[in-house]
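Quick note: the coordinates plus some simple rules give every number you see, no bench work behind them. Since we're looking at a predicted model, the values are computed, not measured. Don't worry about glycine lacking a Cβ; one is built from the backbone with ideal geometry, like all the others, and counts go over all protein chains shown.
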Amino acid sequence: MQPAIILVSDEHTAFLLDEFGRYARDYDLHTATSCKGALEVTRTIRDAGGQVALFVTDTELPDAHVLEAFHAWRTVVPTARRIIAAHWEHFLERAPALRPGMAKGKYDAYLLMPRGVRDEEFHGAVTELLSDWGSTVAKPEVESVRIVAPAPTALTLAIRDYADRMGMPSGFYTPDTEIGREAVLECATPGEPAYPIVSTPGRPSFVATSVRDVAISMYGAPGDVKVEGLVDLAIVGAGPAGLAAAVYGASEGLTTVVLESEAIGGQAGTSSMIRNYLGFPRGISGMRLAQRARNQALRFGTQFYTGWDVESLETRPDGTHLLSTGGGSVEARSVIVATGVAYRKLGIQAIEDLVGLGVFYGSAMTAAREMEGYDVVVVGGGNSAGQAAIHLARFADSVTIMVRRASLAETMSQYLIGEIAYNPRITVQPCSEVADGGGEGRLEWLDVRDTTTGAVTRREAHGLFLLLGAEPNCDWLPPSVARDRRGFVLTGRDIPTDLWSHHLPPESLATTLSGVFAVGDIRAGSMKRVAAATGEGSSVVPLVHTYLAPTT
């Protein structure tokens, strides 16, 4: 059974069916003339084990307001994407009343119904939403990564999450399946088989001991790739700031190398949907944004090496820099530090012991699909926590956002607060913190402390997603790079005056080490937003050019 697209209109059903004919090969097209009729079709598909990928509805239905209809359909299939296709006679007239609902997440796009053949603006929006649905909900048709193990573990989930962040669909198999048996035979060694066994494109199966093993298998390690001589620019970190610096640096003629220890995209790459990034009116997932930026940088000649942490930065007497990793080193005339931040640990050992077994740091896109039918908790009050909660609500029975503050207003964007308030599956629990947790082999319960009274209550929870704020990733930097008391890199006028050269402050994104710059979340005082990080990544390149100018 193919995924379904349901077209709903009292007047224009036949027209919509004709317009969506191009999707008939890959989707089952269904029609209805009312909210009730579409609800019956949806339940029939669900009860037969099928999936609904997309609802497309006219602006008015005979038996319900269109936003009420979306709510009814969403209770049956919360993962489907939702479009209003307005007839051209009513597009402008009805837009003011309907568009506010889009801001609250009631539907995904308000589009003008096609007026002729090959309306690619309309169909571009449709395929964009179908692609988003396919990457986050549907079982992949082609698996780039296959993992074999007797049962899911923290490592298998981490590998799948890494693959998702790299835009590589994955599948999990037990050893008693046909695919599992083939993988076990391919990795046969004396004694009991070791797991997990991982297969990646064009390479033999192997036993993975870490996510880094998989990264190296996919892309090779820095030591496997010959970096020809001294490069103009080495960027440490491939989050939004590092990717922007790579695009602008390479496009302006600098030989550019990017070193990333994990997945391209950094913390932003785990975001299920970024809705307030300029130029993407329907939003874009962090993974897609990162992969597009990576491809853009590759087009200009950037070299990417993933799988190794940068262990040290050494500056030589001639001013060049040596970046050392476990797999090799890179020599560069200038360095941009864009390593971002990591989520702060909760610090409760019982919880830490269950990481990967119901407990996750970050939004863990893969884990979200495993939460179907469960009650889950998201701890954190920032935008990442809000985005994670909205994504989890597509799968989980209930999502509780737990924050120590009295509300989300101080830390979260208003558009997310509005969308959360509308979603009946999401509850905000203020003035609360996790005190303990446990279960038999995986998370089953949490103890929650009221921060105002100190009272502790126990609740069921099969998923805990921790998005607790920022800790810098820059322990590898030498002491000559000044940092604030929290460990974030100081730049520009934030650097103490006694460290200025000739009584002049460094450039705005320059550090205390000549030729080394810092951008994005790792920089002290930075705004923790994707757009701000990309802005800094692009703004730093002219400073790099100025620094290199005397020797070019």
Checking the a/c ratio against 1.5 first, then a/b against b/c, what shape does the Cα gyration tensor give for region 149-251?
prolate
Additional length obtainable on full extension of the chain from Ser398 to Ser251, 0.36 nm per residue less Cα span
48.3 nm
At a Förster distance of 30 Å, what's the computed FRET efficiency of Thr153 paired with Ser413, Cβ-Cβ distance as r, to 0.05?
0.25
On a C-alpha basis, how far is the centre of region 315-346 from the centre of region 265-285 in Å? Whole number, if you could?
27 Å
What residues qualify as long-range amide H neighbours of Gly463, i.e. H under 5 Å apart, gap of 5 or more or another chain, H built at 1.01 Å from N?
Val377
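Taking K and R as +1 and D and E as -1, what net charge do the other residues with C-beta under 13 Å from the C-beta of Glu11 add up to? Could the numbers behind the result be given before it?
Working: positive: none; negative: Asp10, Asp58, Glu60, Glu89.
Around Glu11, the surrounding residues sum to -4.
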Once the in-chain neighbours fewer than 8 apart are removed, the lysines whose Cα is under 30 Å from Lys139 read Lys36, Lys104, Lys106
Computed Kirkwood radius, in angstrom, where 1/r is averaged over Cα pairs of region 81-161
15.8 Å
Figure the gain on full extension for Met527 and Thr546 (residue separation times 0.36 nm, minus the Cα-Cα span) and round it to one decimal in nm.
4.4 nm
Going by amide H atoms built from the backbone, whose H comes under 5 Å of the H on Asp436, apart from near neighbours?
Asp447
Using the charge dipole of the chain (Lys, Arg: +1 at Cβ; Asp, Glu: -1 at Cβ; taken about the Cα centre), state which of Met102, Val330, Pro550 has its Cα farthest towards the positive end.
Pro550
Charges only on Cβ, +1 for Lys and Arg, -1 for Asp and Glu: so what's the dipole of the chain about the Cα centre, in debye to the nearest 20?
780 debye
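How high is the relative contact order of region 145-214, in percent, with contacts defined as C-alpha pairs under 8 Å that are six or more residues apart?
Numbers: 100 pairs, mean separation 26.1, N = 70.
About 37 percent, as a whole number.
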Can you grab the distance from the C-alpha centre of region 154-176 to the C-alpha centre of region 349-387, Å, no decimals?
16 Å
Amide H to amide H, which residues 5 or more places from Gln51 or on other chains are under 5 Å from it, using H placed in the peptide plane?
Ala4
Would you please name the trypsin sites (Lys or Arg not before Pro) within region 449-548 that are DSSP coil residues with at most 11 other C-beta atoms within 10 Å of their C-beta?
Arg485, Arg486
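Rounded, prolate or oblate: which fits region 1-133, taking a ≥ b ≥ c as square roots of the Cα gyration tensor eigenvalues, rounded meaning a/c under 1.5, else prolate when a/b beats b/c?
Values: a/c = 1.44, a/b = 1.15, b/c = 1.25.
It comes out rounded by the Cα gyration axes.
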Let a ≥ b ≥ c be the square roots of the eigenvalues of the Cα gyration tensor of region 409-459; is it rounded (a/c under 1.5), or, if not, prolate (a/b larger than b/c) or oblate?
oblate
Sparse-neighbourhood loop hits (chymotrypsin sites (Phe, Trp or Tyr not before Pro), region 50-116; DSSP loop; Cβ within 10 Å at most 16 others) -> Trp88
Quick one: Cα centre-to-centre distance for region 114-152 and region 473-541, in angstrom?
39 Å
Arg115 paired with Phe280, simple spin-label distance in nm, labels 7 Å along Cα-to-beta-carbon:
3.0 nm
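Could you tell me the relative contact order of the chain? Use alpha-carbon pairs under 8 Å, at least six residues apart, and round to a whole percent.
On the way: 1164 pairs, mean separation 61.4, N = 552.
Relative contact order, the chain: 11 percent.
Looking at the chain, what % of its DSSP beta bridges pair antiparallel, to the nearest 5?
35 percent
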Computed magnitude of the charge dipole of region 1-141 (debye, nearest 20; Cβ of K, R +1, Cβ of D, E -1)
460 debye
Kindly provide the helix-only [θ] at 222 nm of the chain, computed as the sum of -39,500 (n - 2.57) over DSSP H runs of four or more divided by all residues, to the nearest 500 deg cm²/dmol?
-9000 deg cm²/dmol
How high is the relative contact order of region 349-468? Use alpha-carbon pairs under 8 Å, at least six apart in sequence, and give a whole percent.
33 percent
If you project the alpha carbons of the chain onto their three principal axes, what span does each projection cover, largest first, in Å?
77, 63, 58
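Net charge near Ala188: determine it from the other residues with C-beta under 13 Å of the C-beta of Ala188, scoring Lys and Arg +1 and Asp and Glu -1.
Numbers: positive: Arg181; negative: Glu182, Glu186, Glu192.
With Lys, Arg at +1 and Asp, Glu at -1, the neighbours total -2.
Name the GluC sites (Glu not before Pro) in region 1-75 that are in a loop by DSSP and that have at most 13 other C-beta atoms within 10 Å, would you?
Working: sites: Glu11, Glu19, Glu40, Glu60, Glu68; in loops: Glu11, Glu60.
Answer in residue order: Glu11.
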Simple spin-label estimate for Leu322 and Gln429 in nanometres, 7 Å along Cα-Cβ:
5.3 nm
Putting +1 on Lys and Arg Cβ atoms and -1 on Asp and Glu Cβ atoms, find which of Ala364, Ile401, Ser413 reaches farthest to the positive end of the dipole of region 349-468.
Ser413
Given a Förster distance of 45 Å, the FRET efficiency implied by the Cβ-Cβ spacing of Glu444 and Thr497, rounded to the nearest 0.05, works out to 0.25
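At a Förster radius of 41 Å, what calculated FRET efficiency corresponds to the Cβ-Cβ distance of Glu93 and Ala455, to the nearest 0.05? Don't skip to the end; give the middle numbers.
Values: r = 53 Å, r/R0 = 1.30.
E between Glu93 and Ala455, to the nearest 0.05, is 0.15.
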